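The values are calculated or read from the model by the stated rules, or taken from the named source; none is laboratory data. All values reported here derive from a predicted model rather than from experimental measurement. Glycine also receives a Cβ, built like all others from the backbone with ideal geometry; neighbour counts cover every protein chain displayed. The area values use the complete protein model at the heavy-atom level, side chains included, leaving out ligands, DNA and RNA. Shrake-Rupley method; radii C 1.70, N 1.55, O 1.52, S 1.80 Å.
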Amino acid sequence: MPPAKKRTTDGDAKTQVKRRKKQDEVSDGSEEDGAVAGEFDNEAEDDTTTDVSFRLESPMLAGEILFCGGTNWDLIGRRTLPKGVKPVGGPNLWGPHRLSALEGVKIRTVASGCNACHCVAITEEGKVYTWGRNEKGQLGLSDINRRDVPTKVDLLDNFNIVAAACGKNHTLFLTDRGKVLAAGDNKMGQLGIGNQTQQVPCPMQVKYKGPPIRRIACGGEYSMISDINGNLYSFGCPEFGQLGHNTDGKYFVTSNKMEYKCEMVPRKVNVFIEKTRDGHVNPVTDVDVREVACGLNHTLALDSKKRVFSWGFGGYGRLGHAEPKDEMVPRLIKFFEGPNRGAVQIACGSSFSMAVGEHGALFFWGQSKPTGEATMYPKLVQDLGGWKIRSIGCCYRSIVVAADNSVVSWGPSPTYGELGYGENKMKSSTVAQEVKPLDGIHVHNVACGYGHTMMIARADTDEDKEKLKKLPVFSP
């Protein structure tokens, strides 16, 4: 999504004062669990930073949604079902399918997460559809019932949603006014609504007062947001230092019982560092965050100077510092520092990280296979040498990218069909392979969940539409 633009208007001073007063009353209301979607003023709270005409720009490219991967939402990633859950679900879709519920609907954004078994699709008009696992209310549909079919989130109809992010069991929604709403699991405070509750099935406003937000991301049980001034905020579980506040939040309740001091509202990440070869730690003071990505327990941030910072759980080298140590504050990845060495995109899987360099090359570090040697620092993905990467999607272990005019994927067995190779083709691959069922179909963007892939395919011309019609339709 392009950077936010500020717009200024001349308004009556008294009107502006009344508006601020009204916003403060709404934002500082007595309800502990925040404001339900549709019940709060959607205008910017900090009028010193922006004004009531502020708008985040929406993605310009829209198209038809394609889906492949597992649709048995209750079983994906699990060996046993939770109590009370009936073993009902759909098949694995081994090749790309159109979704009957969204046929003819122009989609501009799709979102899921490497640990998520639920999906979000946002239309050209900013309306939201969700489906998948919903045991904590992460679909924002005011209940905890699984949805096998994309279902419109009516509670968000009053907003123009421009982006979404999915954690393991929670979801963030970003409005064009730079506001953030959240739904789902909140036992670690990952919704940022000021408390810790088991489930929040209705989207609620994150308790944040400041410049409008332009980027959102979700880890397993934590969340990150970044404002238009490049400041970064985090909330939720601090277990491995993934919040970036120089602590893992551990404390003992009794002599043998340990808990975590979770952040229940957004807290600013104040310190960014670099480490020299001889171990000296130096602060980095000019960080303007433009992108943020989260794995299960680690985080990446990309700044305006194309530098990449990483922190959180360091196992298998997923932080890119050539060592498996956890990092409690954002640390500069030295590989991406220097002229023509910067990054322009970042992405995270559960235990690995990826970035696209300035010239379109793809780099990988961490571990995507359940066994084998880990990659301790960024290395070029040789199979995609010479390809220009446009979009990256990371499943739990699989990887799907839009490169040049193709879609390429790879991932170790077992898979759920997220690689999209087709019903009668191989089900997994340890090397990058083109997704042949998509030959001739241009894919704008990809987004991956735990074991599924969503793509936005171009549907502008009659030729585009004819090619899409050749793909099978999935109707649960």
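What the table shows:
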| read-out | value |
| --- | --- |
| Qualifying residue in segment 362-383 (condition: touching a residue at least 12 places away in the same chain (Cβ under 8 Å) and among the acidic types (Asp, Glu)) | yes |
| Strands (runs of 3 or more DSSP E) contained in segment 387-468 and holding at least 3 residues surrounded by 21 or more Cβ atoms within 10 Å (Cβ to Cβ) | 389-394, 399-403, 406-411, 443-448, 452-457 |
| Test: residue in segment 333-340 that is touching a residue at least 40 places away in the same chain (Cβ under 8 Å), out of contact with any Leu (no Cβ under 6 Å at 6 or more places or on another chain), open to solvent by less than 10 Å² (accessible area, probe 1.4 Å) and not aliphatic (A, V, I, L, M) | yes |
| Selected residue (only one of 31, 103, 57 is closer than 22 Å to residue 185 by Cα, open to solvent by 40 Å² or more (accessible area, probe 1.4 Å) and either modelled with pLDDT of 90 or more or charged (D, E, K, R) (or both)) | 31 |
| Some residue of segment 284-298 being out of contact with any Gly (no Cβ under 7 Å at 6 or more places or on another chain), under 24 Å from residue 198 (Cβ atoms) and either touching a residue at least 24 places away in the same chain (Cβ under 8 Å) or exposed (fewer than 14 other Cβ atoms within 10 Å of the Cβ) (or both) | no |
| Among (1) open to solvent by 20 Å² or more (accessible area, probe 1.4 Å); (2) in contact with a strand residue (DSSP E or B) (Cβ under 7 Å, 6 or more places away or on another chain) - the single one residue 209 does not satisfy | (2) |
